[in-house]
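Data block below; observations after.
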Amino acid sequence: MAGKIAWFVVLCMVIVAPHAEGLTCGQVTAYLASCVPYLRNGPLGGCCGGVKSLANAARTTPDRKAACNCLKSAAAAIPRLNLSKAAAIPASCGVNIPYKISPSTDCSKIR
């Protein structure tokens, strides 16, 4: 139950966070909500559909940077997150993204 509450808090934070343009954290969160059980050592389930949709939505450099910052914040905020699984999601889903999903990723270097 505490995990669900934490996820809801993160979701609320990213929805109300200001963004200059393009892809929002709310959208990123919506795309990847089905990945949370997998990142807590559950089944992959519908995660890949969301990952592929996000990859298609983040086609510009500003959108890729926004997605990276959202993923980085979520990775740092979700309790009991398996960081190895988070980093491996793109490969597990057959999607190529230009950064590692990690709290230590420098999103300013994304092109």
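A few notes on this one:
- Centre separation in Å (Cα based) which lies between the range 41-90 and the range 94-111: 10
- Qualifying lysines (Cα of each under 26 Å from Cα of Lys109; at least 8 residues distant if same chain): Lys52, Lys65, Lys72, Lys85, Lys100
- Extension gain (nm, one decimal) between Ser84 and Ala33, 0.36 nm per residue minus Cα-Cα: 16.6 nm
- The mean sequence separation of alpha-carbon pairs under 8 Å and at least six residues apart, normalised by the residue count of the range 34-111, gives a relative contact order of 34 percent.
- Extension gain (nm, one decimal) between Val95 and Lys52, 0.36 nm per residue minus Cα-Cα: 14.8 nm
- Most to least packed among 105-111, 28-34, 49-55 [average Cβ atoms within 10 Å]: 28-34, 49-55, 105-111
Bear in mind that the values in this text are calculations on the coordinates, not laboratory data. All values derive from a computational prediction rather than experimental measurement. Note that each Cβ is placed from the backbone with ideal geometry, even for glycine, and that neighbours are counted across all protein chains shown.
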